[in-house]
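One structure is given below, encoded as C-alpha cells.
The values are calculated or read from the model by the stated rules, or taken from the named source; none is laboratory data. This is a predicted model, so every value here is computed, not measured. A quick note on method: Cβ atoms are made from the backbone with ideal geometry, for glycine too, and the neighbour counts reach across all protein chains shown. Accessible surface areas use protein heavy atoms only, side chains included; no ligands, DNA or RNA. Shrake-Rupley method; radii C 1.70, N 1.55, O 1.52, S 1.80 Å.
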Amino acid sequence: YLIDSVENNDPNSGFIAGRGVTEQLVSQEAVQSFEIITHNFKAEYGRNSGSIVSLVTKSGTNEFHGSVYEYHNNSAISARNPLLQDQISQRGNLAGFTFGGPVKKNKIHFFGNYEFFRPRGSELRTFQTLTDQERARAVASVRPLVDLYPQSPTGSRIFTVGTPRVVNQNTYLIRTDIILNNQQTLAFRHNYTDANTDSQGIGNTV
C-alpha cells in the first residue's frame, strides 16, 4: 500500500497501517486517484509479490472548492437477511466535508478533509456456554464463575444473539503543496484516524 508514493504497510500484518473500522486510512472524498498493479512490477516496488495499491490524495488548486457529504444506512428501510428470522437493528452515518484552495496562487495550495463514522445497533454473536445440567453439577466453590456464563435462551450450549455495538471513528487529513518550479513540488500531508468500539459479549468459552 502506497499513499502519495510513500509505503504505508503494517510491518507485522503486511496490511495497510492504521486501518480503522472502515478499513481505510484515507477518506474516499480525499482520494484524487488510485492504481492497482497486479503483475510486472517495476524495481521501485521492491519486495512485493502480491499486488500494489497506490493512492494519491487530493491537493488544493487556484480556486476554492469544497464538498459536504453523508451516507446513511438504516436496517428499518433495508431488506431482511433471508437466512435470519428477525431483522437486526442497525444504523450508521458516514459524513464529512472537504475544503481546499490557494494560500498563494500558483505557489502554495492547501486541502483538508474531516470525516466521522457512527455505526449503532446490534451485531450477531455466537456464544458457547454451559448447559443447565452442567450448571446444576457445579460445586459451591466455582458457582461464582458459573454465574458469569451467559444464559442460553434455547437451553443449548451454542446460541446466537444480537448484542449492542457502538463505534466512534474520526478521520482527519491536511495537505499543503508548495510549487517550487515547473518540475518540482514540495508536499506535506498529515492524516489521522481514531476509532473506538464498544462491543458487548464474549465468545469461544467452553
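What to note about this one:
- Heavy-atom surface of the chain, accessible at 1.4 Å and reported per residue (Å²): 67
- Backbone geometry of segment 126-137 corresponds, through the Karplus equation with coefficients 6.51, -1.76 and 1.60 at θ = phi - 60°, to 3J(HN,Hα) couplings of 9, 10, 10, 10, 9, 6, 4, 5, 5, 5, 5, 7 Hz, x marking Gly and Pro.
- Equivalent ellipsoid semi-axes, segment 48-110, via Cα gyration tensor eigenvalues times 5, rooted, Å: 40, 21, 6
- Geometric descriptor of segment 82-145, per residue, is 207 Å³ (volume of the convex hull of the Cα atoms).
- At 0.692 mPa s and 37 °C, Stokes D of segment 61-172 from Kirkwood alpha-carbon radius, µm² per second: 175
- Charge dipole (the chain, unit charges on Cβ, about Cα centre) - positive-most of L2, Q87, T171: Q87
- For the chain, the Cβ-based charge dipole about the Cα centre amounts to some 160 debye (Lys, Arg positive; Asp, Glu negative; other atoms uncharged).
- Distance from segment 52-115 to segment 118-138 (C-alpha centre basis), Å: 36
- Segment 142-186: trypsin sites (Lys or Arg not before Pro) in DSSP loop, at most 13 other beta carbons within 10 Å: R157
- Fully extending the segment from Y45 to T185 would add 48.2 nm, taking 0.36 nm per residue of separation and subtracting the current Cα-Cα distance.
- Computed helical MRE - 222 nm, the chain, DSSP H runs ≥ 4 contributing -39500 (n - 2.57), nearest 500: -1000 deg cm²/dmol
- Once C-alpha pairs closer than 8 Å and six or more residues apart are averaged by separation and normalised to the residue number of the chain, the relative contact order reads 19 percent.
- Here's the picture: charge each Lys and Arg Cβ at +1 and each Asp and Glu Cβ at -1 in the chain, and of Y45, S156, N196 the one pushed furthest to the positive end of that dipole is S156.
- Over segment 49-107, relative contact order from alpha-carbon pairs under 8 Å, at least 6 apart, %: 46
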